[in-house]
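**Q** Here you go, one structure.
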Amino acid sequence: MTGSHWAVIGVLAIAAFSIRVVGLIAGGRIRASRHSWVLDEVPGLIVVCLVAASLAGQPVQTWIGAAAAFGAAVLTNNVIATMIVGVIIYAGLTMNGI
Amino acid sequence: MSASVHAGSSQIVAVEQFGTTQTVLGAALAGAALNLRYIGIVASLSEVLTGLSLRTKLLAIHITGDENWALTMAERAKSPDVGAKFLLGSGLVMISVWTASTTAGAVIGAVLPDLERFGLGFAFTAAFIAMARGLWRGQSQMLPWIVAAALTISSVSLGLPQAYAIVVGTLCGLVFLASRRRFERVEA
């Protein structure tokens, strides 16, 4: 590790933490404003976008696994059960070359 | 790096950028920009963090990752008792596992088989699907979620990195909601 490597880590750590602090300050201000509804909507939107981003451009077995996980989520509303069903279906399809 | 930055995609991009360009500031800023969604993620925690000391708040926002944040919000939607303790506990587990596993990956990663074949990567997608289910409040969310997902997929398809596409999708969902709220006020 050279000095430059440590510098990248240091600058990135400061920049990444600063973004989080901006969020902390923004959250307090938005919560106190007439736009507080935004904070109630942001979690669902971000999580849906995380799912969408991980599915974009993926092969059909990923979408089938996601559909199975979605079914399990609707039926159980349980994270572990959904992960188990999704991974079993996805791994089954992938390992069998479907 | 994993303990001090605690942001997977940012770390990967910064290392890749530094490997090609050898510029410290450029590499660090390219990595940090991928973390912009954390403005929204941390902002949404304002109620959860209420009443904590500033020091604890700063610790909490550093150890917050996508997974434990989404899990906290999903569990909180089911039970309002879930709050800062859940966030802090899950965050400590997250950053510990992240740091230990990236260290192990650096040491023995080259000899491991392709874990993606066994569905390890897909487990996160399935977990986020379950967390979205936990955050579902009713039909009023359907259209904004479809708009956000469609814009995210379109952005990735057009070549935008996933981290930016998530920000684009979220902002489009919020714009849609703001427009609908304005329209409903005019109607009333």
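**Q** Could you list, in sequence order, all residues of segment A:51-69 that are closer than 18 Å to B:Gln141 by Cβ and either more than 7 Å from every other protein chain (Cβ to nearest Cβ) or modelled with pLDDT under 95 (or both)?
**A** Across segment A:51-69, there are no qualifying residues.
**Q** How about segment B:111-188: which helices (runs of 4 or more DSSP H) wholly inside it have at least 1 residues that are surrounded by 22 or more Cβ atoms within 10 Å (Cβ to Cβ), of a type in the set (Val, Ile, Thr) and touching a residue at least 12 places away in the same chain (Cβ under 8 Å)?
**A** Those helices (runs of 4 or more DSSP H) span B:142-157, B:162-187.
**Q** Also: Could you list, in sequence order, all residues of segment B:33-46 that are crowded, with 20+ Cβ neighbours inside 10 Å, modelled with pLDDT of 90 or more and hydrophobic (A, V, I, L, M, F, W, C)?
**A** B:Ile39, B:Ile41, B:Val42, B:Ala43, B:Leu45 - these are the residues of segment B:33-46 that are crowded, with 20+ Cβ neighbours inside 10 Å, modelled with pLDDT of 90 or more and hydrophobic (A, V, I, L, M, F, W, C).
**Q** Can you spot a residue in segment B:144-152 that is at the interface with chain A (Cβ under 9 Å from one of its Cβ atoms) and of a type in the set (S, T, N, Q)?
**A** yes
**Q** So, one more: Looking at this structure, is B:Ser90 more than 17 Å from A:Val22 (Cα to Cα) and not aromatic (Phe, Trp, Tyr)?
**A** yes
**Q** For a quick check of your reading: which helices (runs of 4 or more DSSP H) sit entirely within segment B:36-100 and have at least 2 residues that are among the β-branched types (Val, Ile, Thr) and more than 28 Å from A:Thr76 (Cβ to Cβ)?
**A** Output list reads B:37-43, B:54-63.
**Q** Which condition breaks for A:Thr2 when tested against (1) among the hydroxyl-bearing types (Ser, Thr, Tyr); (2) out of contact with any Phe, Trp or Tyr (no Cβ under 9 Å at 6 or more places or on another chain); (3) buried (at least 18 other Cβ atoms within 10 Å of the Cβ)?
**A** Result: A:Thr2 fails condition (3) only.
**Q** Turning to a different aspect of this structure: May I ask you to verify whether A:Ser4 is over 21 Å from the mean Cα position of the chain (by Cα) and not in a helix (DSSP H, G or I)? Working first, answer last.
**A** On the way: over 21 Å from the mean Cα position of the chain (by Cα): yes; not in a helix (DSSP H, G or I): no.
It is false that A:Ser4 is over 21 Å from the mean Cα position of the chain (by Cα) and not in a helix (DSSP H, G or I).
The values are calculated or read from the model by the stated rules, or taken from the named source; none is laboratory data. The structure displayed is predicted, hence computed values, not measured ones. Glycine gets a Cβ as well: all are built from the backbone with ideal geometry, and neighbour counts include every protein chain shown.
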